[in-house]
Amino acid sequence: MKRIVFLSMIALLFASFNLQAQKEVKPNNQTQEEVKPKKKNKNKVPEITFESLEHDYGNIYKGDNGVCEFKFKNTGKAPLLITNARSSCGCTVPEWPKEEIAPGKTAVIKVKYDTKRIGTISKSITIESNAINNNVVLHIKGYISETPTQGTPENSQSPMMKAQ
């Protein structure tokens, strides 16, 4: 019997704490129940739209230029600000515009891949911004082969040249 009374008192205590927390007054004199999350106004936010989300280097040679560009446009109704661009590894370095991009304007994100590594390229670059689609993932892919040797034979004269 004592256990039932004790457990009932604990249940009442928790219930009263819960009711008190629900009616806690916010700084603007609204209760928690009256505060509703504000929805983003889709008409007044930036939106980032890329021409392509993937760049294929194809087959390139060791030491080739590993720079590619991802062109994008602010298709929203407010200025776009890219806050960060990070790659999946240190061999891929993104470079992005630090200034705001006005609605309707285009810009470019440059990505440099270190082509000193032989083998398959498969990396991702995450673009973070204030856009409604605030995290966009770009991809680069391709294959790096050993640079072919371009030496000429020591005796490169044709038999006709030797006869003269």
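The values are calculated or read from the model by the stated rules, or taken from the named source; none is laboratory data. Being a predicted model, the structure only gives us computed values, none of them experimental. Heads up, the Cβs are rebuilt from the backbone with ideal geometry, glycines too, and the neighbour counts pull from every protein chain shown.
State whether one or more residues within segment 95-102 are at pLDDT 95 or above, buried (at least 17 other Cβ atoms within 10 Å of the Cβ) and either among the hydroxyl-bearing types (Ser, Thr, Tyr) or not in a strand (DSSP E or B) (or both).
Pass one, segment 95-102, residues at pLDDT 95 or above: 95-102.
In the following step, the residues that additionally are buried (at least 17 other Cβ atoms within 10 Å of the Cβ) were identified as 96, 101.
Next cut, either among the hydroxyl-bearing types (Ser, Thr, Tyr) or not in a strand (DSSP E or B) (or both) only: 96.
Yes - at least one qualifying residue is present in segment 95-102.
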Which count do you get for residues in segment 133-158 that are modelled with pLDDT of 75 or more and under 14 Å from TYR61 (Cα atoms)?
9
Is it the case that segment 45-52 has a residue that's closer than 18 Å to LYS141 by Cβ, part of a strand (DSSP E or B) and modelled with pLDDT of 95 or more?
yes
Every listed condition ((1) surrounded by 14 or more Cβ atoms within 10 Å (Cβ to Cβ); (2) more than 12 Å from LEU138 (Cβ to Cβ); (3) modelled with pLDDT under 95) holds for LEU80 save (3)
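Restricting the search to segment 118-132, which residues are out of contact with any Gly (no Cβ under 9 Å at 6 or more places or on another chain) and either among the hydroxyl-bearing types (Ser, Thr, Tyr) or exposed (fewer than 14 other Cβ atoms within 10 Å of the Cβ) (or both)? Steps first, answer last, please.
Of segment 118-132, the ones out of contact with any Gly (no Cβ under 9 Å at 6 or more places or on another chain) are 118-119, 123-130.
ILE118, GLY119, SER124, THR126, SER129, listed by residue number.
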Could you please give the count of residues in segment 51-90 that are within 15 Å of ASN130 (Cα to Cα) and either of a type in the set (A, V, I, L, M, F, W, C) or more than 13 Å from the chain's Cα centre (by Cα) (or both)?
12
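Name every residue in segment 74-94 that is assigned to a loop (DSSP other than H, G, I, E, B) and small (Gly, Ala, Ser), in order of residue number. Lay out the reasoning, then the answer.
Quick first cut of segment 74-94, residues assigned to a loop (DSSP other than H, G, I, E, B) only: 75-79, 81, 88-91.
If the condition is that a residue be assigned to a loop (DSSP other than H, G, I, E, B) and small (Gly, Ala, Ser), then GLY76, ALA78, SER88, GLY90 are the ones that fit.
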Return the residues of segment 103-132 that are outside any strand (DSSP E or B) and either among the basic types (Lys, Arg) or over 20 Å from ASN59 (Cα atoms) (or both); say none if nothing qualifies.
PRO103, GLY104, LYS105, LYS116, ARG117, ASN130, ALA131, ILE132
